[in-house]
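The values are calculated or read from the model by the stated rules, or taken from the named source; none is laboratory data. Keep in mind it's a predicted model, so treat the numbers as computed, not measured. Every residue, glycine among them, receives a Cβ derived from its backbone with ideal geometry; neighbour counts consider all protein chains shown. Note: areas computed on protein heavy atoms with side chains; ligands, DNA, RNA excluded. Shrake-Rupley method; radii C 1.70, N 1.55, O 1.52, S 1.80 Å.
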Amino acid sequence: MTNQTSSQNAMRTGYARKRAIVNGIVYAILAIMVIIWIFPIVWLILQSFNTETGMSTHLFPQGFTLDHYKALFSEENSQQYPYGQWMLNTFFVAVLSCVISTLFILMVSYAFSRLRFKLRKTFLNFGLILGMFPGFMSMVATANIMQIFGLEKSLFALVIVYSAGAGLGYQVAKGFFDTIPRSLDEAAKIDGATRNQIFWQIILPLSKPIIVYTALTTFIGPWADYIFVSYFMGDKSENYTIARGLYLMLEPESVNKQFTNFCAGAVLIAVPITILFVIMQRFYVAGVTGGAVKG
Amino acid sequence: MDYLDYVQMTKGQRLAYKIKSFFTSIPGAIKKFFMAIGYFIKKFFVGIGNFFKNYGSRFANGDAGTKLSYIIMGAGNMMHKQFMKGLIFLAAEVAYIYFMITFGSFYISRIFTSDLVLLSSKVTRDGMQYGTATVGRVVATFTEDPRTGVDKINEAIPYDNSNKILLFFILTVLVTVAFIGVYIANTKSAYATQKIIESGKKPESFGNEIKSYLDERFHVTLLTLPIILLLLFTVLPIIFTIFMAFTNYDKNHQPPGNLYQWVGLKNFAEVFYSSPKKSATFGKVLLWTLVWAFFATFTNYIFGIILALLINKKGIKFKGFWRTMFVITAAVPQFVTLLIMRLLLDDHGAINSLISGIGLPSVRFLTDPNIARITVIVVNMWVGIPYTMLISSGLLMNIPEDLYESARIDGANAFQQFTKITFPYIFFVTTPYLITTFVGNINNFNVIFFLTGMSESAEGYYVATKTDLLVNWLYKLTIGTEKAYNLAAVIGILIFVICAIGSLITFNMSKASKNEEEFS
């Protein structure tokens, strides 16, 4: 009897030890991976407080200062690198395109999710095909069009580029609308509500999460886009948005002077965007897996 | 082969069978793909046939009003007492005719002009010859040569802006298509009202019809504005680009100041065979794009799932902490992380100073083209693995726990659980994601551009480096002094064709493999 329990105990401790070893290995792997992944970001933050200016050959900073953050907005530096102006530009473009895109996306998604009409399938297929054209394939043509409409090197051209095609991004919101029970619509219809009223007064109040998600993604988009700004604005640096502006700081002739300022500028915009992304990661997952995660 | 034969096979045979049936399904998938295209074309023509049949039969069965509305739009509605609606149709017709007379006809007439005499030295140098089809016109002044009596050109000035003509030509075509739609709606509406009156009912009042745009026809209200903007700023530029591919719109033919000409398939021929350097570049860049897309997609996918499994493993604590650490790297805007990476991996960057600090020779991570190819794939893993981890951890938690429990009771070890439950489940759910990632990687401009965008063109390449993808090549062709817009347009069209065929075939195959999964 005692013999048996002791052998059972031995087995259990053997099993526990094996599991502890496996877990230890997993912890070690995770720790190494986290260091690899977080190191560049920590390095960026540290460099932004470095007392040395420009590219440093030291891996770690030699002192602590806030000078680079001040330099970003200083008169002297703003002549060539108007960081504050870039921020305002980006904010302007982001707000406008966020409002337009969100409205469009919600309208189109609701129409495709709830309404049944003759050309619905055709439109959905066309949307699929249009979505396969790489975004900047027609960049030259778009720039020509903007020029003819008198929007050359203008921020409005960016707003139009970011929001005019928004109707194509209906998938995520449509997937969300599809999950709202149809019985709600039917009950409202019996009570005499029109589809317009159902959209504004029943579906939208129930869709706060997806409205927030859509607004955030469309708001973040312009902060991270480089290529359209670069092509549309050419060398008109006062109309750059943040991504293009920061890239300008790293051009070979300026990188040595501007490197730490770049770090400070990158930290300043990365912090709010990172926070926004961490908040909405749940929706992001639901979005890319086509709503497969509805747990 | 039916189910009984299948279950009697040994493991090896089953695997062989699965592999065999995967490959035998490829021709089927391709056949299905082309059959779908054939079906689509058939449906398209049947649709056109029906369209004309209905169009004719409405005319034949229509009364005087309906017949009149075939020429004067809105006449049918007005004669059936729907004045407002009739007036709107009439206004549309008048507006369209006015538009065509004052605007459209001019651009249609100038899209394909050959009435230019170009003998002046300035223009002949650019290779323009008499009678070439040009977008826009050149105006020339003549004087008679007193000695020979032959007209001589003093000056030949491009009179038009080719871009403007091409753009407004496309716009005119789009407006015409829209007008045809309105015109057909007009005949239908006239006939429908006629039928309602014949059956003794009252036609719908204008007020009610307006109201219906908030109810039965709410989709029209919702979709009109987004579709118009989509047409203007997405579809129109795409058509414009497609036209550009058939012109010689390059740095020598920049409007305003110079016209460009129609050159037919010359640009496509250059990319495929007639220009050795361009076609060689295209071949090499295309091959690298596909290799890159394959590795970039699958390294991220596999390692991302493994990372998610590690974090979600039973008995691992601080799951939230581990996950947040990786999510943070995914959340920092990509251009920031990529630029940091470029600085770290620079020939004199922090990593190299670390390497030389311990006495090893420094590595040219980004400047040696062959090492750079590996570097971009590794950096892409750094960028992409947290995303895959994020997505697959959500999925891992969705797998029913009892599946694992019953597997454990049957004696399955951890590895078997992974290959038999976890992986099939994740693979099944993420197939569409995998396809979109693959297509996304073909177009992954950012990683390549921010890491190696400043490198010089490689030996034997036409304005491209060894790490450039097709999209990066396209971009380089359009910027700076290059301005080979026609070539860039050709590349853009080819990228689209590759992406479209790739995603349609994989989509079909994933359907086929799903059926096969049910079988086993």
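Normalising the Debye intensity of segment B:415-458 to I(0), with uniform scatterers on Cα atoms only, and taking log10 at q = 0.19 Å⁻¹ returns -0.69. Counting only helical runs of four or more DSSP H residues, what would the 222 nm mean residue ellipticity of chain B come to if each run contributes -39,500 (n - 2.57) and the total is spread over all its residues? Helix-only estimate at 222 nm: -22000 deg cm²/dmol. Take chain A with all the other protein chains still there, run a 1.4 Å probe, and you get 48 Å² of accessible area per residue.
Solvent-accessible surface (1.4 Å probe) assigned to B:LYS53 amounts to roughly 130 Å².
Once neighbouring chains are kept in place and the probe is 1.4 Å, which whole percent of the accessible area of chain B is contributed by carbon and sulfur?
On the way: 18050 of 26540 Å².
After summing per-atom areas, the C and S share lands at 68 percent.
Scaling the Cα radius of gyration of segment A:60-166 by the globular reference 2.2 N^0.38 Å produces a ratio of 1.59.
Dipole size of chain A about its Cα centre, with +1 on Lys/Arg Cβ and -1 on Asp/Glu Cβ: approximately 1740 debye, rounded to the nearest 20.
Which whole-number percentage describes the relative contact order of chain B, with Cα contacts under 8 Å and a sequence gap of 6 or more?
Working: 543 pairs, mean separation 78.4, N = 520.
Relative contact order, chain B: 15 percent.
Taking a ≥ b ≥ c as the square roots of the Cα gyration tensor eigenvalues, the protein assembly as shown comes out oblate, since a/c reaches at least 1.5 and a/b does not exceed b/c. Interface burial in segment B:310-326, defined as at least 40 Å² less accessible area with all protein chains than with the chain alone at a 1.4 Å probe, covers B:LEU310, B:LYS313, B:ILE316, B:TRP322, B:MET325, B:PHE326. Put simply, when B:495-501, B:340-346 are sorted by average Cβ atoms within 10 angstrom per residue, most first, you get B:340-346, B:495-501.
Kirkwood hydrodynamic radius, chain B, all distinct C-alpha pairs: what's the number in Å?
Details: mean 1/r = 0.0338 Å⁻¹.
Answer for chain B: a Kirkwood hydrodynamic radius of 29.5 Å.
In segment B:337-484, Cα pairs under 8 Å separated by at least six residues give a relative contact order of 23 percent. Per residue of chain A, the DSSP helices (runs of n ≥ 4 H) give a summed -39500 (n - 2.57) that works out to -23000 deg cm²/dmol at 222 nm.
A DSSP coil position with no more than 16 other Cβ atoms inside 10 Å describes the following chymotrypsin sites (Phe, Trp or Tyr not before Pro) in segment A:85-132: A:PHE117. Sparsely packed loop sites in segment B:174-214 (the trypsin sites (Lys or Arg not before Pro) outside DSSP H, G, I, E and B with at most 15 other Cβ atoms within 10 Å) comprise B:LYS201. Database remark: amide H of B:TRP262 closer than 5 angstrom to the amide H of B:ALA133, B:THR134, B:VAL135 (H placed geometrically; neighbours at sequence offset of 5 or more, or on other chains; Pro and chain starts carry no H). Amide hydrogen proximity for B:ASP160: with H placed 1.01 Å from N in the peptide plane, the residues at 5 or more positions away or on another chain lying under 5 Å are B:ARG137. Summed over the residues of chain B and divided among them, the accessible surface reaches 51 Å² per residue at a probe radius of 1.4 Å.
How long is the gain from B:LYS319 to B:ILE505 if the chain were fully straight, where each residue apart is worth 0.36 nm and the alpha carbon distance is subtracted? Write out the running numbers ahead of the final one.
Working: separation 186, 0.36 × 186 = 66.96 nm, distance 3.87 nm.
Contour length minus Cα-Cα distance gives 63.1 nm.
Within 10 Å of each Cβ of A:113-125, how many other protein chain Cβ atoms are there on average?
Numbers: counts 0, 3, 7, 1, 6, 1, 2, 2, 0, 0, 3, 0, 1.
Neighbouring Cβ atoms belonging to other protein chains average 2 per residue here.
For chain B, the longest principal axis of the C-alpha atoms and the axis of helix B:218-230 are separated by about 90°. Given a Förster radius of 35 Å and the C-beta distance between B:ILE48 and B:LEU434 as r, what FRET efficiency does 1/(1 + (r/R0)^6) yield to the nearest 0.05? Efficiency at R0 = 35 Å is approximately 0.40. Translational diffusion coefficient of chain A (Stokes-Einstein, Kirkwood radius from Cα pairs, 20 °C, 1.002 mPa s): 92 µm²/s. Across peptide B:378-389, the mean count of Cβ atoms from other chains lying within 10 Å of each residue's own Cβ comes to 1. Using the Karplus relation 6.51 cos²θ - 1.76 cosθ + 1.60 with θ = phi - 60°, the per-residue 3J(HN,Hα) values for segment B:456-473 come to 6, 4, 7, 4, x, 10, 8, 6, 8, 9, 5, 8, 5, 8, 4, 5, 5, 4 Hz, with x marking Gly and Pro.
The Rg/Rh ratio for segment B:15-73 is 1.52, where Rg is the radius of gyration of the alpha carbons and Rh is the Kirkwood radius.
Hey, which of these cross-link pairs are over 21 Å Cα-Cα: B:LYS251/B:LYS476; B:LYS278/B:LYS483; B:LYS85/B:LYS211; A:LYS118/B:LYS211; A:LYS121/B:LYS31; B:LYS164/B:LYS277? Present the calculation step by step, with values, prior to reporting the outcome.
Details: B:LYS251/B:LYS476 13 Å; B:LYS278/B:LYS483 15 Å; B:LYS85/B:LYS211 14 Å; A:LYS118/B:LYS211 19 Å; A:LYS121/B:LYS31 23 Å; B:LYS164/B:LYS277 32 Å.
Result: A:LYS121/B:LYS31; B:LYS164/B:LYS277 exceed 21 Å.
Between 0 and 90 degrees, the angle of helix B:485-519 with respect to the longest Cα principal axis of chain B falls at about 60 degrees.
Excluding ligands, DNA and RNA and using a 1.4 Å probe, chains B and A jointly bury around 8000 Å² of accessible surface, summed across both partners. What a 1.4 Å probe finds exposed on chain A is 65% carbon and sulfur by accessible area, rounded to a whole percent.
Extending 7 Å from the Cα toward the beta-carbon at both B:PHE23 and B:ASN312 defines two label points whose distance is 3.4 nm.
Calculate the translational D of segment B:276-519 in whole µm² s⁻¹ from Stokes-Einstein, where the hydrodynamic radius comes from the Kirkwood formula applied to all Cα pairs, the temperature is 10 °C and the viscosity 1.306 mPa s. It comes out at roughly 78 µm²/s. Counting only other chain Cβ atoms within 10 Å of each residue's Cβ, the peptide B:234-243 averages 6.
Suppose a student asked you for the relative contact order of chain A, using Cα pairs under 8 Å spaced at least 6 residues apart; what percent would you report? Intermediate results must be reported in sequence, preceding the final value.
Working: 262 pairs, mean separation 87.7, N = 295.
Answer for chain A is 30 percent.
Once both axes come from the Cα atoms, what is the angle between helix B:276-312 and the longest principal axis of chain B, in degrees from 0 to 90, rounded to 10? Approximately 50 degrees, to the nearest ten.
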